[in-house]
Amino acid sequence: MNVKLWIIFSLLFLSFFIINSCSQRNDDFSIWIGGSPEEVDFWEKVINDFNAKYDCNLILVSQPTYTDQRKQSLIISLEGKQPNPDLFLMDVVWINQFIQSDWLELLTGFAEKSKFQTEPFFKRVLNLVDKYDNKLFALPVFMDVALLYYRTDLIDQPPETWGQLKELSLRIQKEQRKTNDSFDGFVWQGAQYEGLVCSFLEFIASNGGSILQNDSVKINSKENEAALQFMQNLIHKYKISPENTYTEMKEEEVRREFQNGNALFERNWTYAWQLHNSDDSNVKGKVGMKILPHFNRHKSVSTLGGWHIGMSKYSDNKEKAWKFIKYVTSYEVQKNMVLTIGWNPGRKDVYDDEELNKKLPHLKTLKYVFDNTVSRPTVPYYAQISEVIQRNVNNCLANKISPSDALKEIEIEMKNIIKIYGEK
């Protein structure tokens with residue numbers, strides 16, 4: 001979307017909200033939520049149930065479907081110090097920017113006053129994302145991680161290491177291509193977009209590498225070079241990932257390829273599980289799920305995704321807003337969220353629910369994966385860093401530059417970004 005159209009969209013969105021606000025009652029407060037029509041329908045029911053239970057008047061204001069547009073509409077309101085919205089959902093990579101911009105109300109005091117317990121949540125997730133300086137600013141509503149999907153009818157045991165995945169892919173791909181020329185060993189997200197950063201982070205972290213450590217650039221390392229070389233080799237040397245990995249492969253392109261029966265392994269988020277097992281899927285009943293592989297002498301990791309709830313510092317209904325935060329992160333609502341819409345709860349204890357485990361046995365796998373997640377850099381200038389990584393890693397996957405040169409260029413550009421933003 002070009003800048004002019006985006007400005008027009010933003011003004012129309014805010015104008016609608018201002019006009020709508022004029023007809024609201026004095027005790028109304030609002031939450032801004034976007035997503036698909038099905039997601040918004042779910043949220044309307046949650047909010048209606050909350051209002052009925054607590055005699056409140058929480059109003060849902062529907063944001064755009066696309067993540068970037070949702071973020072921009074929030075920034076416009078928060079920069080303007082508007083009292084609305086009182087509450088909003090944040091993509092996991094926004095939270096640090098919102099904290100650093102002083103837009104989020106500190107939740108620690110509310111939690112202590114109401115004796116709210118954070119023990120049921122994933123400690124690692126809270127520390128990575130929701131806390132800053134050991135103070136609580138947000139809570140996870142639903143979370144996401146990437147997993148390895150595999151064909152249970154074609155292999156007996158899924159791989160533990162990337163090397164094992166390569167060998168299995170080479171063997172099975174050769175066999176399958178006797179009858180299916182379109183069959184690939186491994187499909188994953190390699191196009192130039194945010195999903196590539198997630199894939200890249202998983203490869204390097206599973207080889208002991210990292211992007212940043214204590215705000216110091218650690219991108220140009222032997223561990224990262226070896227991991228990036230492997231990513232490039234998957235396409236050009238081993239040829240078990242298709243050529244369009246770096247031009248077209250995003251979440252849905254990857255999912256469709258696997259679901260059509262044209263791949264042995266797939267890297268994708270948890271949403272793909274239900275779709276793979278739907279009635280119109282070519283692989284229904286033939287799909288397994290496990291944590292992503294790792295390189296020798298290292299451990300498996302998965303990039304953390306998901307949406308967290310925060311309260312605006314400029315809200316004039318903070319006590320009511322906190323009541324809804326407690327409600328939406330309660331055991332009962334989180335369990336219902338799994339059963340109704342299939343989202344992964346932010347609470348760790350829900351994964352031990354007997355009823356859920358009978359219906360959704362893969363929850364046990366997810367609980368382990370969430371304890372072994374890695375977050376993208378939690379810095380306020382993450383968007384700039386992401387663009388640099390996307391561009392250079394994608395050029396490497398396209399065989400335009402070597403892994404060594406790609407990492408050197410990323411390091412140079414990242415250091416310049418940090419210098420511009422005044423970090424040490």
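Brief remarks on what is shown
- Loop chymotrypsin sites (Phe, Trp or Tyr not before Pro), region 349-424, which have at most 16 other Cβ atoms in a 10 Å radius of their Cβ (DSSP): Y421
- At q = 0.12, 0.16 Å⁻¹, base-10 log of I(q)/I(0) for region 82-207 (Debye sum, equal scatterers on each alpha carbon): -0.69, -0.92
- Alpha carbon convex hull of region 146-235, projected area averaged over orientations, nm²: 6.9
- Percent RCO, i.e. relative contact order, over region 29-134, from Cα pairs under 8 Å lying at least 6 residues apart: 28
- When each of K53/K364; K166/K284; K113/K335; K290/K358 is checked by Cα-Cα distance, pairs over 21 Å: K53/K364; K166/K284; K113/K335
- Descending principal axes extents, the chain, alpha-carbon based, whole Å: 69, 52, 41
- On a per residue basis, the convex hull of the C-alpha atoms belonging to region 141-299 measures out at 127 Å³.
- Cut-off 17 Å (backbone N to label point 7 Å along Cα→Cβ of A226), residues of region 367-406: 403-404
- Potential lengthening between K45 and K178 on full extension [0.36 nm per residue; Cα-Cα distance subtracted]: 42.8 nm
- Here the relative contact order of the chain, from alpha carbon pairs under 8 Å that lie six or more residues apart, stands at 24 percent.
- Distance from the Cα centroid of region 240-256 to that of region 397-415 is 21 Å (rounded to whole angstrom).
- Calculated FRET value between T247 and F116, using beta carbons and R₀ = 51 Å, to 0.05: 0.60
- At an R0 of 41 angstrom, the distance between the Cβ atoms of K400 and K123 translates into a FRET efficiency of 0.45.
- Two-site FRET efficiency, K359 against Y271, from Cβ-Cβ distance with R₀ of 25 Å, rounded to 0.05: 0.90
- Full extension of the segment from D349 to S101, taken as 0.36 nm per residue of separation minus the current Cα-Cα distance, would add 86.1 nm.
Rule-based calculations on the coordinates, nothing more; no lab input. Please read all numbers here as calculations on a predicted model, not as lab measurements. As a convention, Cβ positions derive from the backbone with ideal geometry for all residues, glycine included, and neighbour counts pool all protein chains shown.
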